[in-house]
Each structure stands twice: as C-alpha cells, then as structure tokens.
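Undergrad: Before we start, here is the structure in question, set down as structure tokens.
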Amino acid sequence: MRRILSIFKRDILSSFRDYIILYMIIAPILLTIGFRFFIPSAQSAGLQFAVDAKLDTEIVNEFKKYGDVELYGTVDEIKTRVENIDDIAGITKNENGEFVLILQGNEAHDTKEIPKMIIREIISNEDLNVEFKVNSLGLEESPVATIGTISLILIAILIGGIIIGFNIIEEKEANTLKALNVTPMTKFEYIIGKSITGLILPIIHVFLILWILGITEVDNTMVLIMTLASSLVGIVVGFVVGIISSNQITGIANMKIIFLILSLTIIGAILLPQSKHFLLYWAPPYWIFTGFKGILLNTATWGNLINYIGWIIGLTFIIYIILRGKIKKGLA
Amino acid sequence: MLKVKNLYHSYTKDDNYAVKGISFEIKKGEIFGFLGPNGAGKSTTQKILTGLLPLQKGEASIAGIDVKKPTEKLFNLIGVSFEHPNIYSKLTGYENLEFYKKLFSVPTEDPKVLLKMVGLEDAVNKKAGDYSKGMKQRLVFARSLINNPQLWFLDEPISGLDPTTASNIKDIIKKKKDEGTTIFLTTHNMHIADELCDRVAFINEGKIEVIDSPRNLKLKYGEQLVKVEYKENNKLKRERLSLINDKDRDKLNKLVNEGKIETIHSQEATLEEIFIKVTGRGLK
Ligand SMILES: Nc1ncnc2c1ncn2[C@@H]1O[C@H](COP(=O)(O)OP(=O)(O)OP(=O)(O)O)[C@@H](O)[C@H]1O
Ligand SMILES: [Mg+2]
C-alpha cells in the first residue's frame, strides 16, 4: 500500500511540473468555463424572473412557485436585468393591464415558455397543466447543453487516463522502469499506483465541471459511481497510449486518434436513431455517454446505471484481456 | 553470496546465445570484477541476476534465494547502479531518492546523507533533469545504496567522472567492501578492476575465459615480459617481449648478442594485456 501511494504521489508531483501534463489537467476546467457562456441558463439552479414590483403579491407568489423572483421598480430596471449574461425573464404589465414578457432573445426554452404558461394560468385561473421540473436546468430542452456537458465529462475522464500514459512515456524515455524493477515493487503495485491518478483526477474534474456549469440537481452518488466506472476506460486507454508511444510527440498523436474514436461514438449516439444504437454497443464511450445523459436528465434509474456500468466494465475487461500481454511486456 | 551455474541466455530464444554456459561464485564481502569487450554478455548476465531478464537456462541464486523466483527479500538485499543514468528528471535529487526509498521494506539510508557522500549536497533541491551527466551518474550510484544492499551491482561506476570524483567513488566502494558488502562490478576499465577487485572474470563472446585474482593473473601471465629499448638504424625503438614466446625470445637473444640494447626492464603485464592474451581480442 505504501508503495502504491508513493507511485501515485510521484506521478502527481511530476505531472504538475510538466508543462504539457499541467495543461492537460487545466484544459477541462478552461473548456468548461468557456462552455458556460454558451449555455447561460445552466448557471442558475432554477428559473429566474425579474418581476415588476408594482404587480400584485399574488402574481409574484405564483412566479415564486417556479423559480427565483427579483423585484424591480421600473421597466427600465427590468430590461437592464434581462440583458445580463444569465437567463432571466422579465415580467410586467402594460397600461392596458396586459402581461408583458421581456426577453433578450437568447434564453433557453424554459425561460421563454414557462413564464407564458404561468401567465396563462394566472389569467385563466387554471392549474398549470404542464409537467415541469425546477431542476431541469433547461438540459431537457437544450441538447447542446446536455451533449456539451457530457463531452466535457468524457474529455475529463480520458485526460485522467492520458496523464497516466504520459507518465509511463516519461518512465520509458528515462528508463526509470528498470530501476523500479530491481526493487521489491511488483507490477501489480505499479499498475494500481499509476491508475489512482486516472481515478482521482476525473472525479475532481467531473464535479468541478458540474459545479462550474451550475448543475447541482443531479444524483451525486450516481455521478460518482458512473465516473469511477468510466475511469476504467480512461485508465486502460492511458496504459495503451503509454505503452505504444515512444515519446510525448507520438503520445499526443495517439491521443488524437483516441479522441477521434471517442467523438465518432458520440456523434453516432446523437445522430443515429435509437433503433440503430446497437451498432455502438461495442464502444465503451457510448455507454459512458448514455449513462451520463440519463444522470444529467434525471431519467436514469439505478437499474439502468448498473446495466451501463456492466457494459463498460465488461468491454474494458475484454480490451484489457486482449492487450494484457502487451501491457505486461511493455512494462518489463 | 552469489552462485551462478551454467547460465545461458538467448534474446531470440534459439541457439543464438548471448551468454553461453557461465558459471561462477562470489563470496560474501568480495569485489568481483566482470570484464569483457562490448557485446561480451556482461550486461545480459547482470540483467538476469537482477531479475530484469528472465532466467531461461541454468541456475543462479543470491544469498540462497533462487533468482528464477525472485522474492521481495531478494530485491531488498540487492542494489543496482545503472551505467546509463535513469532518473526522474522533474524530481529533485532528494525527491528521487525519497521516492525510491519508499519502495523497499528494509531499513533505508537517509537520502541527504547519501547525496552528501557522493558530493551532491549542493544539488539536493535541484531538478535531476538539470544535473550534469556526471552528477546524474552519482545520483544513480547513491540511489543504489539506499537499501544498504548486501549484494551491490555496479555497472561502469567510474566512467565519465573527473579524477577527483572518480577517486571519491572508488573510496566509497572500498568502504562498502570493508563494511562487508559484496560487490559485482562490471567494467571495461582494467585499472579500476586491478585496483578494486579481489577477483576478476574475463568474459568474451558469452563465455568466461578465466577467473582469478588480478595478482595471480599477473604472476601467471605477466612476469615473463621484458621491456627493451634499443637502437636500430640510429632510431630508438621500444618493445615488449615475452620470455616464453619463442619468436620473442629469439629476438631478445639477437638484440643481446648484437649489443643494441640501451635499457631493459622486467615488466608486469597489465590486466588489459593479459586479457588480450587470454581472449585473443582487445577490450574496446
Ligand atoms: N535487447 C537485446 N535484444 C537482442 N540482443 C541483445 C539485446 N541486448 C543485448 N543483445 C546482444 O547480446 C550480446 C551481449 O550483449 P550485452 O549487452 O550483454 O554486452 P555487454 O558485455 O554488456 O557489452 P557493453 O560493454 O557494450 O555494455 C550482444 O551480441 C548484443 O547484441
Ligand atoms: Mg553492457
């Protein structure tokens, strides 16, 4: 155990001193921050309304049922608020006593549509006959937000593995593996020690991504378990990249190929009709994609998840069995 | 301490052996020199003994532990200094040793003490990647001592070091020997072998040609050499002549009879000359 931890600690220490690896550690976070600006609605936990303070308290309370309400004294103040970066709908009444919805134009579907429904409800005094989850964050209505988030998660998971690969490349280039092989350290300890990076980094990354994007209404246990299972794929990819690449340059080239395969799987999952999805069953990233989609949209049950994880672990195990000889030889 | 019997190794797993039936024993506390030209099979033998190559054929044991089934105990009692420095360049010298130290399960040395011993006290916190070649070599040398090895494998520990540093390293090797460490020293350098080794093995084309102490080898092969300086056609010539070789003896007789000799000394053969004599080839 002490040896496993030493190997892990050394990798982390060394990684933070390697310009390329350090960049890879930061990249998913930078990408997420950039992505956040494309999906303003994801920032807020629920819907937001900038409501005219002159409206009846009853009306204000009605809006409070569906989201956060901010009160403003004048229409101009509401307009200024709506023009801010985040998603918020302005609500006021004109001289004729009719409701007016103030929007910027780039709001998520829910931010536009839900206030209309609420207004309709107030006017007609009917119950809101629409199923609406406060925690949906617009993810259901915005495939870009969902797919973007999952892509970021997949990148983070793969990067954990790639960092393992780069640390192996370093050991190969410097021949340090030889020095380790004449100590009591076993291959098993080495593999486990190296793998920890590929487990821990993705967990940190995934939760940071969700936090930066303001996605809080998801089952964190599901996220954790799914991330751990997915990391196995990253780890095997990492070992393979490390073993087939003789230096950092070929390492980066191989990494690109793997990202290409990954992207193709995701594009397949998005474009292919559900009936053709079986064509992607062989690809572990497909199951990661499907799993995280279910978790983010709050549609996945534990049963689904166990099924996805079963596929991921099963496929990873098969890949490992096929490459086991190569991995062992590569580490000799 | 180390027993090797009929060791064979083929990289191609056929009859093309890099090591062909090597046998030798090293006693506890002995410095054993493993000498031979490039490609003789020195590194191959050392790799098998340290577990870096599988033992294909033959027997080898270290302190009674079969090298074929290396145990944690075996790795705890050997130390290996590599010829080509293999270190973590993004870690400091200290961090390199500190990391390595944790891989052993026996009492270990203090990294700082070891670094000071090899003259790296000023570079303790410098990244090892920024070390000079000689500094890296000393770091690897220091690292191989971290677990207080009982059997210490040294591969060309002195080559490429400046004379002062080299002499410091030689002193450490001698000190370790005095403390009872058994040392397996691989080298091309006959002077070092002569100075440090209790016994040497000459290995050539995968076979051991001779094993003996440097002194015995010199007595056996060396005492019958003379170095003569003589004039021929008004030119001064120097030559080493054997007293057992008929041709050389005839030449010497002729020189004596003709009265051309200016100086004459009996000459101790160097290990290098003995090596050439024994194997029929040079060391380089
Ligand atoms: N990895 C390898 N694969 C195939 N053949 C090898 C390998 N390593 C060494 N050999 C061959 O085995 C023979 C012995 O090589 P070895 O490295 O043991 O020599 P050496 O005595 O250590 O030489 P040097 O003084 O150059 O270090 C050589 O013919 C060499 O070509
Ligand atoms: Mg060699």
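The values are calculated or read from the model by the stated rules, or taken from the named source; none is laboratory data. Quantities reported herein were computed from a predicted structural model and do not represent experimental measurements. For neighbour counting, all protein chains shown are included, and Cβ atoms are generated from backbone atoms with ideal geometry for every residue, glycine included.
Undergrad: Given the residues B:209, B:195, which is the only one that is within 16 Å of ligand 1 (Cβ to nearest atom) and of a type in the set (Asp, Glu)?
TA: B:209
Undergrad: In the set B:51, B:39, which member is at positive phi, within 15 Å of ligand 1 (Cβ to nearest atom) and either surrounded by fewer than 20 Cβ atoms within 10 Å (Cβ to Cβ) or within 11 Å of chain A (Cβ to nearest Cβ) (or both)?
TA: One residue alone meets the criteria, B:39.
Undergrad: Just for region B:244-280: of the residues that are free of Cβ contacts under 8 Å to residues at least 24 places away in the same chain and touching a Leu at 6+ places or on another chain (Cβ under 7 Å), which one is farthest from residue B:220 (Cα to Cα)?
TA: So the residue we want is B:251.
Undergrad: I would also like to ask the following. Could you say whether any residue in region B:94-115 is within 16 Å of ligand 2 (Cβ to nearest atom), touching a residue at least 40 places away in the same chain (Cβ under 8 Å) and out of contact with any strand residue (DSSP E or B) (no Cβ under 6 Å at 6 or more places or on another chain)?
TA: No; the residues of region B:94-115 include none that is within 16 Å of ligand 2 (Cβ to nearest atom), touching a residue at least 40 places away in the same chain (Cβ under 8 Å) and out of contact with any strand residue (DSSP E or B) (no Cβ under 6 Å at 6 or more places or on another chain).
Undergrad: Within the bounds of region A:292-303, is there any residue that is more than 22 Å from residue A:209 (Cα to Cα), assigned to a helix (DSSP H, G or I), in contact with a helix residue (DSSP H, G or I) (Cβ under 6 Å, 6 or more places away or on another chain) and assigned by TED's automatic domain parsing to the domain that holds residue A:160?
TA: Looking through region A:292-303, none of the residues is more than 22 Å from residue A:209 (Cα to Cα), assigned to a helix (DSSP H, G or I), in contact with a helix residue (DSSP H, G or I) (Cβ under 6 Å, 6 or more places away or on another chain) and assigned by TED's automatic domain parsing to the domain that holds residue A:160.
Undergrad: Quick check: anything in region B:69-77 without any contact (Cβ under 8 Å) to a residue 40 or more places away in the chain, away from ligand 2 (no atom under 16 Å from the Cβ) and buried (at least 23 other Cβ atoms within 10 Å of the Cβ)?
TA: Yes, region B:69-77 contains at least one residue that is without any contact (Cβ under 8 Å) to a residue 40 or more places away in the chain, away from ligand 2 (no atom under 16 Å from the Cβ) and buried (at least 23 other Cβ atoms within 10 Å of the Cβ).
Here is a yes/no grid of residues against (1) under 30 Å from residue B:36 (Cβ atoms); (2) touching a strand residue (DSSP E or B) at 6+ places or on another chain (Cβ under 9 Å):
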{"position": "B:233", "(1), (2)": "no, no"}
{"position": "B:242", "(1), (2)": "yes, yes"}
{"position": "B:246", "(1), (2)": "yes, no"}
{"position": "B:253", "(1), (2)": "no, no"}
{"position": "B:258", "(1), (2)": "no, yes"}
{"position": "B:265", "(1), (2)": "yes, yes"}
{"position": "B:270", "(1), (2)": "yes, no"}
{"position": "B:273", "(1), (2)": "yes, yes"}
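Undergrad: Kindly indicate which of B:106, B:80, B:67 is under 20 Å from residue A:4 (Cα atoms) and not hydroxyl-bearing (Ser, Thr, Tyr).
TA: B:106
Undergrad: Right, here's the next one. Looking only at region B:54-100, which residues are within 11 Å of another protein chain (Cβ to nearest Cβ), part of a strand (DSSP E or B) and of a type in the set (Ser, Thr, Tyr)?
TA: Within region B:54-100, B:81, B:92 meet the criteria.
Undergrad: For the subset of region B:7-51 comprising residues that are basic (Lys, Arg) and within 16 Å of ligand 2 (Cβ to nearest atom), which member is farthest from residue B:63 (Cα to Cα)?
TA: B:42
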